[in-house]
Amino acid sequence: MPLLEINNLNTRFQTRDGEVSAVNDISFSMEKGETLGIVGESGSGKTQLVLSIMGLLASNGRAEGSARFKDQELIGLPINEINKIRGNHMAMIFQDPMTCLNGYLTIARQMTEVLILHKGMSMADARKRSIEMLDAVHIPAAKTRIDRYPHEFSGGMRQRVMIAMSLLCEPDLLIADEPSTALDVTVQAQIIDVMNELKSDMGMSIILITHDLGVIAGIADNVLVMYAGRICEYAPVNDIYKDPQHPYTRGLLQSVPRLDSDNSSVLHAIPGNPPNMQHLPAGCAYQDRCEFKREICLTERPALRRISDLRQKACHLEAL
Amino acid sequence: MLRFTLRRFLGAWPTLLILMTLAFFMMRAAPGGPFDTEKTLPPEIQANLDKKYHLDEPLLKQYGRYLLDLAQGDFGPSFQYKDYSVNELIAQGFPVSLRLGGTAILLAFFIGCLLGTIAAIRQNTATDYTVMAAAMTGISIPNFVLAPLLILLFAVHLGWLPAGGWNDGALLNTILPITALTLPYVAYISRLMRSSMIEVLRSNPIRTARAKGLPEHTVILRHAMKPALLPVISFLGPATAGIITGSVVIEQIFGIPGIGRFFVQGALNRDYTLVMGVVVFYGILIIAFNFIVDVVYALLDPKIRY
Amino acid sequence: MVTAKDINALQSLNSNEEIKGRSLWSDATHRLKMNKAAVTSVIILLLITLMVIIAPSFSPFSFDEIDWDLISTPPSIANGHVFGTDAIGRDLFVRTLYGGRMSLMIGVIATMVSLLIGITYGATAGYLGGRTDAIMMRIVDILYATPFMFFVILLMVFFGRNIYLIFIAIGAINWLDMARIVRGQTLSLKRKEFVEAAIACGVTTPRIILRHIVPNLLGIVVVYVTLTIPQVILVESFLSFLGLGVQEPDTSWGALVNEGAQDMEIAPWALLFPAGFLATTLFCFNFIGDGLRDALDPKDR
């Protein structure tokens with residue numbers, strides 16, 4: 001039984017200018033202990049996908065389809081039921097550590113409330129456990145700093161606090177939405193290290209969302225590439241780097257600067273912009289930017305199909 | 001925190017000084033002396049009066065004397081009510097005005113916050129629209145229009161409540177004036193609270209709180225209430241000034257023996273010292289209240305504590 | 001190294017922008033038109049304004065004509081007094097409209113006064129920044145804490161009840177908010193590229209403020225004007241209600257409400273008509289202000 005199994009998940013938003021679908025027909029599954037990287041440009045629907053799973057969509061958004069976590073259906077679950085899961089068995093770290101902690105409560109208050117709620121701990125035990133967790137993410141002098149407010153911490157420190165907070169209940173699944181994007185490069189590396197360390201200690205699964213393929217290489221087992229709300233390629237991490245099978249994946253890889261290759265390789269930008277989600281073209285959403293575009297791409301949307309035991313892609317091309 | 005409080009406390013004094021100075025020089029710049037309305041007096045009596053009220057001294061000396069008197073809490077005599085000092089008139093009216101205005105502010109704050117929060121949680125539902133439509137009406141009907149309308153309906157037509165009078169503050173007598181004074185501010189505060197609560201509920205920290213699996217009431221009461229209250233707290237300063245101003249008119253309409261009524265009588269009779277005394281007294285009150293509001297704000301917001 | 005592909009990318013970026021490039025104003029106008037409450041308010045307000053300006057001259061009665069035979073008569077079509085008469089037999093229809101003329105005029109003129117002071121002060125403080133800004137805003141803070149309403153009353157008491165004084169006094173109160181808002185906007189505008197470009201081109205400071213900053217403040221100013229006019233009308237009505245504003249035989253809605261409230265038990269129409277007009281006008285201004293704010297600030301609420 002997979003830990004998380006997503007089937008035909010669709011997420012739509014009602015806006016003033018009409019309906020926008022942010023997530024279309026997504027299906028995938030992941031096992032216990034697995035780390036899945038989700039890659040895509042901003043606006044490709046990766047964040048809305050995980051927010052749908054967590055039940056955290058904005059009030060004008062609706063998710064349909066199925067998301068089973070430990071054999072329990074999450075979509076359509078009443079709020080008090082999903083509240084027993086999130087923060088407890090499934091936790092999430094958000095993109096911008098500077099704004100995601102509550103500036104009006106002490107770190108202690110924000111951490112202990114999770115343990116008191118989900119584990120029924122006493123205030124003293126919860127506090128002790130929280131300090132241990134802050135130590136684990138290498139917050140210096142955690143014992144005293146826990147009584148401070150978020151604005152007294154740096155960005156990298158706040159992200160560590162976020163990580164510590166999300167791991168308090170030792171969740172089976174941690175969803176990290178671009179956990180290091182807003183931070184300095186050195187701090188980014190530290191954050192990824194901390195996550196890697198904790199992953200092997202606790203044996204949990206991670207969904208790591210990023211637009212940075214370099215981050216994925218160091219930590220993920222499998223990679224899911226998203227474009228315009230759909231999956232365009234799914235493969236084990238090494239295969240993605242060695243042998244990308246979707247033109248978009250290849251474009252993404254070529255736009256990553258690399259130190260280890262010879263300087264003759266030119267850094268490519270993918271031409272054009274992500275499509276307007278309200279007016280998607282018929283056929284393949286990537287057609288306007290694809291260098292391999294053929295007649296069929298204009299009219300028929302490529303289905304996601306299995307190309308080997310472990311790999312899937314959505315492209316009319318047989319091989320790249 | 002102590003330093004902040006001290007700084008704010010010191011910061012209140014220039015305002016106070018400006019207030020007193022403005023009041024003093026405005027009065028002295030006014031055409032004619034305070035006894036203009038009376039018949040021409042024999043020069044000796046005029047001189048005596050001038051001497052009694054120190055009007056024969058140079059302006060700066062008068063100003064100094066005036067500030068000194070105020071510092072000792074002495075607002076001087078009333079020109080109109082010859083047997084009373086302004087202090088006595090204020091002391092007589094203040095308890096009544098305080099009960100009226102204090103109740104109004106407290107009610108406006110609690111009801112406004114409650115309604116605003118409910119509307120925000122039920123955003124874009126019938127509840128929300130009803131509350132907001134009512135609030136819009138409340139803002140658009142000023143208290144001096146509302147008061148006669150309330151009297152017309154509840155006192156004249158239905159005969160449920162007395163049309164006026166204070167009756168030593170009997171509950172029935174207070175209902176209509178307090179309602180008229182409170183409703184517009186309930187409207188303001190509920191609108192303010194709604195939009196600030198909506199904004200907070202959409203913010204990242206609230207999403208984090210929900211991601212932690214906290215039940216909705218904890219999310220709202222523990223995580224959203226404090227930041228959502230801050231704009232309302234800042235509005236309490238102006239709201240208090242507004243309610244005090246409003247109480248002047250409400251006391252007039254309902255015939256309530258508070259400071260406001262003396263003030264209007266004084267204004268219409270050109271009783272300079274009384275009017276000035278009340279202005280300065282209310283000014284001090286508002287400035288003091290603003291100071292308290294600042295401190296409460298700082299207590300709620302950890303970011304400005306140091 | 002820039003490749004042909006990059007240039008393509010840039011070009012398609014530009015063309016994309018053009019497609020989306022509906023301007024803020026046309027967008028806002030569109031959103032405002034969708035707002036039924038705001039549109040209705042605009043229509044009602046235009047009607048009231050038109051009535052107030054034109055109708056009194058078509059009435060057979062003048063606003064100060066006293067008819068001792070018809071004291072406090074209820075509204076009647078037969079004798080021509082459609083809103084009835086007041087306690088000394090003056091026609092209430094004409095008086096209500098005439099009062100409205102006064103209230104609206106004070107509202108508009110005093111708002112303009114506050115606008116002028118507020119924009120100049122706020123834009124200057126925000127644009128100059130630094131210590132000048134700090135001092136200027138500190139002054140605003142101090143004035144803000146002063147109970148101005150009482151000062152207006154003091155003014156009225158000391159210097160007589162003069163209508164021009166009302167304009168100035170009310171205008172002088174309301175500029176504080178305006179100055180604060182304009183300063184905030186100016187601060188953020190100042191860092192925009194087009195202003196930096198103008199500075200780099202050597203355009204003088206007053207010219208930059210006038211040509212680049214002020215036009216871009218228009219949005220917020222329009223919203224603010226629609227919200228200030230009702231406040232000013234309110235202040236004037238308040239003063240007139242206390243008998244400190246407009247003086248007999250001139251009148252305003254506040255003064256009429258005051259008179260109406262005196263003998264509402266026998267002649268409720270003398271209260272209800274002016275009160276209705278006053279409340280409706282305030283209603284409309286508030287709705288328009290709300291609508292404009294939502295239209296210019298596209299976060300849906």
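The table below lists the values:
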read-out	value
Rg/Rh (Cα only; Kirkwood hydrodynamic radius) as it applies to region C:241-301	1.22
Descending semi-axes in Å of chain B, equivalent ellipsoid built from Cα gyration tensor	44, 27, 13
Spatially proximal lysines relative to B:Lys51 (Cα-Cα < 26 Å; intrachain offsets below 8 disregarded)	B:Lys39, B:Lys61, B:Lys82
GNM result for chain A, Cα springs below 10 Å: residue of A:Ser200, A:Ser59, A:Ser130 fluctuating most strongly	A:Ser59
Pairwise FRET efficiency - B:Glu216 versus C:Ile44, Cβ, R0 = 30 Å, nearest 0.05	0.15
For A:Arg145, C:Arg191, order by how many other beta-carbon atoms lie within 10 Å, fewest first	C:Arg191, A:Arg145
Contour minus Cα-Cα distance for A:Asp135 and A:Met202 (0.36 nm per residue)	22.6 nm
Percent RCO, i.e. relative contact order, over region A:101-170, from Cα pairs under 8 Å lying at least 6 residues apart	47
Pair-distance profile P(r), taking every C-alpha pair of region B:148-306, with 10 angstrom steps and integer %	9, 26, 27, 21, 13, 4, 0
Counting all C-alpha pairs of region B:152-221, share separated by more than 19 Å (%)	58
Footprinting exposure proxy for B:Thr208, C:Thr73, A:Thr186 (fewest neighbouring C-beta atoms within 10 Å first)	A:Thr186, C:Thr73, B:Thr208
Point-to-point label distance, A:Glu170-B:Glu88, nm (Cα→Cβ direction, 7 Å offset)	8.1
Point-to-point label distance, A:Asp193-A:Ser27, nm (Cα→Cβ direction, 7 Å offset)	4.2
B:Trp166, B:Trp160, C:Trp175 arranged by Cβ crowding within 10 Å, fewest neighbours leading	B:Trp160, B:Trp166, C:Trp175
Estimated FRET transfer efficiency (B:Leu2, A:Ser122; beta-carbon r; R0 35 Å; 0.05)	0.55
Between 0 and 90°, nearest 10: helix A:155-167 axis offset from chain A longest Cα axis	80
Under 18 Å from the Cα of C:Lys36 - aspartates and glutamates, other chains or at least 8 residues apart	A:Asp17, B:Asp128, C:Asp27, C:Asp290, C:Asp294, C:Asp297, C:Asp300
Nearest 10 degrees, 0 to 90: helix B:272-300 Cα axis against chain B principal axis	30
Number of partner chain Cβ atoms within 10 Å, mean per residue of B:11-23	3
Percent RCO, i.e. relative contact order, over chain B, from Cα pairs under 8 Å lying at least 6 residues apart	27
Principal axis box of region B:84-155, alpha-carbon based, largest edge first, Å	57, 27, 19
Partner chain coverage, peptide B:231-241 - average Cβ within 10 angstrom	1
Shielding score for A:87-96, defined as the mean number of other chain Cβ atoms within 10 Å	3
Candidate aspartates and glutamates for bridging to A:Lys128, where Cα separation is under 18 Å - those fewer than 8 sequence places away on the same chain excluded	A:Glu113, A:Asp147, A:Glu170
D_trans [Stokes-Einstein, Kirkwood Rh over alpha-carbon pairs] for the protein assembly as shown, 20 °C, 1.002 mPa s, µm² s⁻¹	66
Pairwise FRET efficiency - A:Lys242 versus C:Ala198, Cβ, R0 = 41 Å, nearest 0.05	0.15
Relative pair counts by distance (%), Cα atoms of region A:132-219, 5 Å bins	3, 13, 27, 26, 19, 10, 3, 0
Which listed pairs, of B:Lys212/C:Lys33; B:Lys303/C:Lys192; A:Lys46/A:Lys199; A:Lys70/A:Lys119; B:Lys303/C:Lys190, have C-alpha distances above 30 Å, in listed order	B:Lys212/C:Lys33
For chain B, built as a Gaussian network whose Cα springs stay under 10 Å, the top-fluctuating residue of B:Ala228, B:Ala126, B:Ala288	B:Ala126
Backbone N under 19 Å from the B:Phe9 label point (7 Å along Cα→Cβ), restricted to region B:274-306	B:284-300, B:305-306
Solvent-free Debye scattering, log10 I(q)/I(0), computed from the Cα coordinates of chain A at q = 0.06, 0.13, 0.14, 0.15 Å⁻¹	-0.22, -1.00, -1.13, -1.27
Linear extension gain, B:Ala47 paired with B:Asn167, 0.36 nm per residue minus alpha-carbon span	38.8 nm
Rg in Å to one decimal, and Dmax rounded to a whole Å, for region A:101-170 via C-alpha atoms	10.7, 31
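Read the figures in this text as sums done on the coordinates, not as results from a lab. Treat the numbers as computed from the prediction; the structure is a model and nothing was measured. Glycine also receives a Cβ, built like all others from the backbone with ideal geometry; neighbour counts cover every protein chain displayed.
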